[in-house]
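What follows is one structure encoded as structure tokens, with my remarks underneath.
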Amino acid sequence: MARRLVEFGVRAVVCTPHFSRRYPTSVAGATASHQELHRALNTLGVELETHLAAEIGPDLTLVVPAAELTRRALPSGFAIVELVSATPSEFVLAATQRLAELGLRPVFAHPERCLAVQKRPGILDEARAAGALVQVVGPSLLTQRHRSVAATAWGLIDSGRADLLASDAHRPYGARPQLGPIGDLVSRRYGASVLETLTVTNPARLLGSHRSRLPRKG
């Protein structure tokens with residue numbers, strides 16, 4: 001998968017194993033796996049910069065001890081929080097406020113899958129005003145099975161509510177890593193500058209001073 005991402009021009013990737021009740025990935029386990037990945041990429045000569053964070057489930061974001069969140073955030077102070085289909089609208093602001101108390105800012109992952117966001121995208125506005133980022137995943141723009149997801153994803157970009165375009169890649173083959181075609185679609189519809197903002201400029205904020213095309217999840 002790393003090779004395929006490099007083929008699409010990706011220079012850096014944030015690996016985000018799930019941290020949820022269903023997938024309670026430990027920091028120690030994730031760190032060990034990330035170190036193993038780093039060694040393998042060096043051995044194989046795959047030039048991909050990797051960083052480690054987590055995709056924090058809404059079922060844990062508001063209830064786990066503060067250390068469980070801060071240890072899974074990026075050094076820049078962003079923590080990736082997923083929104084799922086059943087996530088209620090009030091969670092968005094509650095998560096933003098809890099993370100702010102810890103000196104963190106949320107990146108809300110794939111909000112287009114959340115029914116509350118599909119009905120009222122404006123629930124993201126107050127969180128964004130407080131420093132949160134909104135991350136649409138590229139495969140949502142191509143999905144034919146879930147038209148409401150695709151419509152919401154495009155709508156978030158149309159309305160200027162999307163800050164990041166991510167890969168959500170889980171495996172090396174199939175639709176998810178197809179960043180090239182997705183990037184072409186976005187560029188044709190909005191222009192190269194918008195694509196640059198979604199895939200380079202805003203993602204670079206997650207990595208501090210780095211400027212790298214940045215998908216999510218490895």
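The values are calculated or read from the model by the stated rules, or taken from the named source; none is laboratory data. In this text the structure is predicted, and so the values were computed from the model without any measurement. Neighbour counts are summed over all protein chains in view; Cβ atoms, including those assigned to glycine, are modelled from backbone coordinates with ideal geometry.
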**Request:** Scan segment 51-96 residue by residue and report those that are within 12 Å of V107 (Cα to Cα) and of a type in the set (D, E).
**Result:** E55, E82
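Within segment 191-205, identify whether any single residue is in a loop (DSSP other than H, G, I, E, B), crowded, with 22+ Cβ neighbours inside 10 Å and in contact (Cβ under 8 Å) with a residue 40 or more places away in the chain, and answer yes or no.
The answer is no; no qualifying residue exists.
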**Request:** Please tell me if E49 is within 26 Å of G29 (Cβ to Cβ) and in contact with an Asp or Glu (Cβ under 7 Å, 6 or more places away or on another chain).
**Result:** no
**Prompt:** Applying the selection to segment 19-52, what residues are charged (D, E, K, R), loosely packed, with under 11 Cβ neighbours inside 10 Å and either in contact with a Gly (Cβ under 6 Å, 6 or more places away or on another chain) or not in a loop (DSSP other than H, G, I, E, B) (or both)?
**Reply:** E36, R39
**Message:** Looking only at residues that are touching a Leu at 6+ places or on another chain (Cβ under 9 Å) and of a type in the set (A, V, I, L, M) in segment 1-18, which one is surrounded by the fewest Cβ atoms within 10 Å (Cβ to Cβ)?
**Reply:** V6
**Item:** Among (1) basic (K, R); (2) assigned to a helix (DSSP H, G or I); (3) free of Cβ contacts under 8 Å to residues at least 40 places away in the same chain - the single one R3 does not satisfy
**Value:** (3)
**Complete:** The correct count of residues that are farther than 22 Å from A204 by Cα and crowded, with 19+ Cβ neighbours inside 10 Å in segment 99-115 is 3
**Item:** Matching residues in segment 6-29 - criterion: being in contact with a strand residue (DSSP E or B) (Cβ under 6 Å, 6 or more places away or on another chain) and aliphatic (A, V, I, L, M)
**Value:** A12, V13, V14
**Item:** Residue among I123, I80, I56 that alone is at pLDDT 95 or above, β-branched (V, I, T) and within 23 Å of T201 (Cβ to Cβ)
**Value:** I80
